[in-house]
Amino acid sequence: MATKTPKLPTIEQLDKQLAPVLRDMEARGITLDVPYLKTLATEFQANIDVLQADIYREAGHEFSIKSPSQLAVVLYDELKLGAGEEMWIKKTKSHRSTAASELAKFVDTHPIVPLIIKYREETKLLSTYIVPLPELVAEDGRLHTTYSIDTAAGRLSSKNPNLQNIPVRSDEGKKIRRAFVAQPGFELLSIDYSQIELRIAAHFSGDPGLIQAFTEGRDIHAATGEQMGVDRRVAKAINFGLLFGQGAFGLAGALNIPIEDAQAFIDQYFVTFPKLAEWMKSVQQKAHDNGYAETLLGRKRYLAELKGFNANLRNFAERVAINHPIQGTEAEIVGLAMIAIHKAIPLDQAAMLLQVHDELLFEIPEGTATTIAPKLQQIMDSVIELSVPIKTEAEHGPNWEEMEGL
DNA sequence: ACTAGAAGCGCC
DNA sequence: AAACGGCGCTTCTAGT
């Protein structure tokens, strides 16, 4: 049988071959623009001081804003948020929740709420990234994380510092990402797998609708929305939820719609993609029979709770049974690519710096992106063959924030 | 003084 | 009424 896919390693072989790759990445590190972060710290601290004063004024007194229990008293008892309306406030173990998802319900109700949200965002970024990161820079002026492969699905984790959760979504957060720079004479190159988890689900299930959408190179959310006859936004939420076995409740929360409507969307989704529904069922059945779920290369996750009598634990295990092969296979594909790149590409052409699950960040000599990116992408695209095409997207730039596509 | 758990939130 | 896959870090709080 002729195949262009190289012989696949066992899980043990994969982990073993990946280890030296990770050690090289850790040793290389990444340059951090420390002076820039210092000015950012001053800027953020000034904003936070103003926000704090505004919050005290709105509350009528000082209190510890960072204390969820004190904040709950101020919001729900003193300012009576949610009192008149039939607003359900989620409870935690010891008090009413002040999580962002709860505060969102009152964002237009009282001026203190948007101030709290902004205060949370700015203090989070300041104390988690802006202040500590410069302190972790080594003598070589670079930041060196430590990777482990000890997670349940075989993904990497990163710590001291964690460089897999550097902000990217908000405008404020992007200011931090900008501090990750290439050393002089170099630029950064980022290549990420496009929709890899959904492609894996399409591959495992063999669902013709999903496979067709990927084969035609379509925008997957638009394509699934079309096939279902719903908005792209709805399709995107369902596609996302599928990856961790989300039910009607979760989808209702994500789309802010009634549960019955969410259930109708899910029913419709599985009518449109029947083999996906079949696959999910069979994965759960197999996990129940065998006691574990497994990835493409056979990494197992044991799920004894599937046979238990606690419905909450059983439901949780059923979701994990679906998520594990998807998330774990993603980690395997990226791991295979990292090993192949490490073997094939000399360090002076492209040095792998970071892995963020479906993204690899490289440091390359300035001006070489258009020649090296296709080589790297060719490796990443062909490291394994699925029943759908694998696609990667490349961007380059002087720092991790200001990047343009190739 | 130290630790462990909650709560919250950054990322995929 | 209803807790959703995988991580790590900071802060507060209650415990020793």
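Every read-out reported here was derived from the displayed coordinates using simple, explicitly stated rules and does not represent laboratory data. Since the structure is predicted, the reported quantities are computational estimates derived from the model, not experimental observations. Cβ: placed from backbone, ideal geometry, glycine included. Neighbour counts: every protein chain shown.
If you run the Gaussian network model on chain A, springs between alpha carbon atoms under 10 Å, then out of A:Lys236, A:Lys286, A:Lys90 the most flexible one is A:Lys90.
Label positions at A:Lys159 and A:Ser387, each projected 7 Å from the Cα along the C-beta direction, are separated by 3.9 nm.
Hull volume per residue, based on the alpha-carbon atoms of region A:219-300 and their convex hull, is 104 Å³.
Centre-to-centre, using Cα atoms only, region A:321-400 and region A:142-164 are separated by 17 Å.
Let me test this: with uniform point scatterers at the alpha carbons of region A:152-261, what is the Debye-based log₁₀ I(q)/I(0) at q = 0.14, 0.21 1/Å? Taking Cα atoms of region A:152-261 as identical point scatterers yields -0.84, -1.20. Filter the chymotrypsin sites (Phe, Trp or Tyr not before Pro) in region A:292-330 down to the DSSP loop ones having no more than 10 other Cβ atoms within 10 Å, then list what survives. Filter output for region A:292-330: A:Phe309. For chain A, the direction-averaged projected area of the alpha-carbon convex hull comes to 22.9 nm². Once you treat every alpha carbon in region A:3-42 as an equal point and sum by Debye, what is log10 I(q)/I(0) at q = 0.25, 0.32 Å⁻¹? Rounded to two decimals, the profile gives -0.86, -0.97. With Cα atoms as the point set, region A:37-132 shows a radius of gyration and Dmax of 14.1, 46 Å.
Among the chymotrypsin sites (Phe, Trp or Tyr not before Pro) in region A:61-111, those located in a DSSP loop and surrounded by at most 12 other Cβ atoms within 10 Å of their own Cβ are A:Trp88.
With +1 on the Cβ of every Lys and Arg and -1 on the Cβ of every Asp and Glu, and nothing else charged, how large is the dipole of region A:37-132 about its Cα centre, in debye rounded to the nearest 20? Mind dumping the intermediate values first?
Working: 12 positive and 13 negative charges, 85 e Å.
For region A:37-132, the charge dipole is close to 420 debye.
Quick one: net charge of A:His342's neighbours, Cβ under 12 Å, K/R +1, D/E -1? Walk me through the numbers on the way to the answer.
Numbers: positive: A:Arg23, A:Arg28, A:Lys343; negative: A:Asp24.
Taking every Cβ under 12 Å from that of A:His342, the sum is +2.
Give the calculated FRET efficiency between A:Thr39 and A:Asp348 to the nearest 0.05, with a Förster radius of 30 Å applied to their Cβ-Cβ distance. Intermediate values should be presented prior to the final figure.
Numbers: r = 33 Å, r/R0 = 1.10.
Calculated value: 0.35.
Return a whole-number percent for the relative contact order of chain A, with Cα pairs under 8 Å and 6 or more residues apart as the contact set. List each step's numbers first, then the result.
Details: 570 pairs, mean separation 90.9, N = 406.
22 percent.
Compute the FRET efficiency between A:Asn256 and A:Glu404 as 1/(1 + (r/R0)^6), taking r as their Cβ-Cβ distance and R0 = 56 Å, and round to the nearest 0.05. Once the sixth-power term is evaluated, E becomes 0.95.
Count neighbours as other Cβ atoms within 10 Å of each site's Cβ, and list the GluC sites (Glu not before Pro) in region A:67-173 that are DSSP loop with at most 16 such neighbours. Please list the in-between numbers first.
Numbers: sites: A:Glu78, A:Glu85, A:Glu86, A:Glu102, A:Glu121, A:Glu122, A:Glu135, A:Glu139, A:Glu172; in loops: A:Glu85, A:Glu86, A:Glu139.
Here the sparse-neighbourhood loop sites are A:Glu85, A:Glu86, A:Glu139.
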